[in-house]
Amino acid sequence: MHCPATYTCPMRVLAIETSCDETGVAIVEANGDETPRLVAQALHSQVEMHSAYGGVVPELASRDHIRRVLPLARAVLSESGASLASLDAIGYTRGPGLAGALLVGAGVACSLAAAIGRPAFGVHHLEGHLLSPFLSADPPRFPFVALLVSGGHTQLLKVANVGHYSLLGDTIDDAAGEAFDKSAKLLGLGYPGGPALARLAEFGDASVFKLPRPLSQRDSLDFSFAGLKTAVRTHALRLEGSNCEQPRADLAASTQEAIVDVLVRKSMAALERTGLKRLVVAGGVGANALLRSRLEVECKKRQARVHYPELALCTDNGAMIALAAAMRMQRGIAQMSTDYSFDVLPRWPLTALTEPAAAR
Ligand code: KG4
Ligand code: ZN
């Protein structure tokens, strides 16, 4: 399966992201071993479609990806001025994610690759998030500590290079994004809950409700947000029936404060433990303004730097998948499929990509 393909210079990679509720397609271009640059991208969010159901409906997600993916691919090709035949490889998100949704992107990517006789390449969705700050105006350098905070994952990792990941801490129950989403639901806010809760929190006083910060005192970099959710539920039930908005805003602010507090404390502990001075924050929760400002302050105190993806690339997109594919190809560590068979991995730990030497 491994293909020692030769690439034209610049190398152009188109990639497709369909792991959940965004259809993303993008093209990146790489010259030699320079960091690839984004040439064109297009994104369709299904948020409006799923919001009627209060969360993602997998079957609807797959069907919508089918409708959107080829028009988006045409749009990025036209924007970039590149022809399909001029591409060097096609990437797609292989996992983790919704099986049906992943299959759409994988199937289309392998068909396009077969049509032009170039290799196809399955990318790890979280590796895409992790590397996405390399497309920003202020890219990091290896090695760094990464705080990966998406809807389904909350992890701290030591990142030595592409494909060299050591897990420092993981969530033992809910992810940070899930804590935002579930708390938002309990407060009667829409989906996705993170941004909605953050908006309501702007009008609240975060000191009103005392919410738990599980595992925060222990010498562990693991996270737990289930207890917080239970506490939010208890308070939200008490507020039911009240037509006063202020306590809901206070509860939103207190919830956001608790989640951010835990994320910041553990990130600082990870920097201390590894001795590294660079932190990368990736995944949807990385768009949270309070998290960003707190990390900025705490990193400054420690003469450390914090790097983010551009705001538009915090949530799911095709650009990060194309970037991860290209960075792997540059290093000769891409497992390319040249027979166009494919599978998807709905559950796929990021550390499965890691070289054996990495230790916890
Ligand atoms: O990375 P992502 O787009 O999708 C996954 O791979 O899961 O992350 C989505 C998560 C959701 O839980 C959403 O509520 C959260 O990111 N999120 C936020 C914000 N924007 C998105 N959470 C807090 N504040 C935000 N501004
Ligand atoms: Zn994601």
Checklist entry - How about the range 52-69: which of its residues are open to solvent by less than 40 Å² (accessible area, probe 1.4 Å) and either aromatic (Phe, Trp, Tyr) or under 20 Å from the mean Cα position of the chain (by Cα) (or both)? => result 55, 61, 62, 65, 69
Checklist entry - Where residues in the range 17-51 are aliphatic (A, V, I, L, M) and open to solvent by less than 10 Å² (accessible area, probe 1.4 Å), which of them is farthest from residue 61 (Cα to Cα)? => result 30
Checklist entry - Can you tell me which residues in the range 263-289 are more than 18 Å from the chain's Cα centre (by Cα) and within 16 Å of ligand 1 (Cβ to nearest atom)? => result none
Checklist outcome for this item: Only one of (1) within 16 Å of ligand 2 (Cβ to nearest atom); (2) out of contact with any Ser or Thr (no Cβ under 9 Å at 6 or more places or on another chain) does not apply to residue 161, and that is (1)
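For every residue, the table says whether it meets (1) in a helix (DSSP H, G or I); (2) at pLDDT below 95; (3) in contact with a Gly (Cβ under 7 Å, 6 or more places away or on another chain).
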position: 280; (1), (2), (3): no, no, no
position: 291; (1), (2), (3): yes, no, no
position: 294; (1), (2), (3): yes, no, no
position: 312; (1), (2), (3): yes, yes, no
position: 327; (1), (2), (3): yes, no, no
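Yes or no, residue by residue, for (1) away from ligand 2 (no atom under 16 Å from the Cβ); (2) open to solvent by 50 Å² or more (accessible area, probe 1.4 Å); (3) within 16 Å of residue 262 (Cα to Cα); (4) free of Cβ contacts under 8 Å to residues at least 24 places away in the same chain:
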position	(1), (2), (3), (4)
177	no, no, yes, no
185	yes, yes, no, no
207	yes, yes, yes, no
211	yes, no, yes, no
214	yes, no, yes, no
Next on the checklist: Just to verify a result, which residue in the range 187-199, among those that are free of Cβ contacts under 8 Å to residues at least 60 places away in the same chain and buried (at least 23 other Cβ atoms within 10 Å of the Cβ), is nearest to ligand 2 (Cβ to nearest atom)?
Outcome noted: 193
Checklist entry - Got at least one residue in the range 248-262 being open to solvent by 30 Å² or more (accessible area, probe 1.4 Å) and of a type outside the set (Asp, Glu)? => result yes
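The values are calculated or read from the model by the stated rules, or taken from the named source; none is laboratory data. Quick caveat, the model's predicted, so the values are computed rather than measured. Please note: Cβ atoms are built from the backbone with ideal geometry, for glycine as well, and neighbour counts cover all protein chains shown. Protein only, heavy atoms only, side chains kept; ligands, DNA and RNA dropped before computing areas. Shrake-Rupley method; radii C 1.70, N 1.55, O 1.52, S 1.80 Å.
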